[in-house]
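Enquirer: Handing you this structure, nothing more for now.
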Amino acid sequence: MHKSSAWPLALLYAALIVFASLYPFEGWRDQELSWWAVLTQPLPPQYWTGFDVGSNIAGYLPLGFLLGLGAVRSGAARWAVLLALGLGSVLSLGMEVLQLYLPRRVPSNLDWLLNSLGALLGGVLAWLLHLLGGVQRWAVFRQRWLGDADAGGTALLLLWPWALLFPAAVPLGLGQVLPHLEVGLAQWLEGSAYAHWLPLRHAPAQALTPLGYLFCVAVGVLAPCLLTHLLVRQPWRRMVAALVWTVVGVGVTALSCALGYGPANAWAWLSPPALLGLAVGLGLAWVLAVLSWRWSAVVALVGLALQLGALNQAPQSAYFAQTLQLWEQGRFVQFYGLGQWLGWLWPYATLVYAAARLTQRRPTL
């Protein structure tokens, strides 16, 4: 049996499905329908499109694949397909039943069947990959590069590109939660005796200087590289991984800008401070590749803490706030809503992970 990152990734993807299925989490009321009403609807439903069919299958296929992959990596390959189908089908049926209490959502037994088919196909894909030796080759590659690295650190690394997909005020600058926290607290405390405690910041937020902007971008590149240092032993492999993460970060940020501002503006974020920040972050990752894993954890803690302090004291531009509102309220939210939370929480989870690693006794890398 192996500790596979497929399990935490499957759990996180299931959370995305719950988010997309029940958003916007308001208007709950009992429509006096039994839960089995979903199963007794006529097939096919009155209104359906080819897009609905494809999206319902595609939406659950990654979940089935991750569940099947987790079963394979845990030594239960014979149960991979059944596990993927069973858990995926149960989750889908639960979401359809809960949608009975949301007037804005339309539950459907066709959706349940298509979701189950998607989970089944994902499980079959993981099983076929195992039969063809793909999982074993990945296991050898992972062992060669990461050794006995824990699944939590690997999952954090794999989640970093997803966290970048949701727009950030500063490229690769994740974790800017204070503006959103202020708005949420203001709504929650409105009319109460504690409303005068806000705002949390007593002075107007100052825009980042070009040097501060450069620093935030550099730490944004450096963070996944230092996280890699906690998992990879050899300096030359750390350097290769740093180059890969930099390329991935640039590509995903360009994709995020293309989705938010249009394809013509995919590279508009590459200002001189951002370019220098990318170069500085990659250069530091190469220079620090010789550090032990403990010192890499310390540098990660200090760098992320300084970056988060700078980001959360900086204001958001009105243009960025408008774009963010389109993502939060528009069609993107059902597919990238969890990405918003990942973008907010990824650096804090990395801080916790690095701090937890420092409390462990491990051989010096």
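Just so you know, all these numbers are worked out from the coordinates, no wet-lab data involved. The structure displayed is predicted, hence computed values, not measured ones. Methodologically, a virtual Cβ is constructed for each residue, glycine included, from the backbone with ideal geometry; neighbour enumeration extends over all protein chains shown.
Enquirer: When ranked by the protection proxy of mean other Cβ atoms within 10 Å per residue, highest first, what sequence do the peptides 97-104, 230-237 form?
Expert: Packing order, densest peptide first, comes out as 230-237, 97-104.
Enquirer: Can I ask one more? Work out how much length Trp79 to Leu275 would gain on full extension: take 0.36 nm times their residue separation and subtract the Cα-Cα distance, in nm to one decimal. Mind showing how you got there, number by number?
Expert: Numbers: separation 196, 0.36 × 196 = 70.56 nm, distance 4.84 nm.
Net length gain for the segment: 65.7 nm.
Enquirer: Let me ask another. Quote the FRET efficiency, to the nearest 0.05, computed for Thr359 versus Val106 with a Förster distance R0 of 45 Å and r equal to the Cβ-Cβ distance. Please list the in-between numbers first.
Expert: On the way: r = 49 Å, r/R0 = 1.09.
Approximately 0.35, to the nearest 0.05.
Enquirer: State the Cα centre-to-centre distance between the range 57-123 and the range 277-313 in whole Å.
Expert: Cα centres, the range 57-123 to the range 277-313: 39 Å.
Enquirer: Right, something else. What spacing in nm lies between the two simple spin-label points modelled at Ala349 and Ser292, each 7 Å away from Cα in the Cβ direction?
Expert: Modelled inter-label distance: 2.9 nm.
Enquirer: Please give, to one decimal in nm, the separation of the simple spin-label points placed at Trp267 and Leu185, each 7 Å out from Cα toward the Cβ.
Expert: In this crude label model, Trp267 to Leu185 measures out at 4.2 nm.
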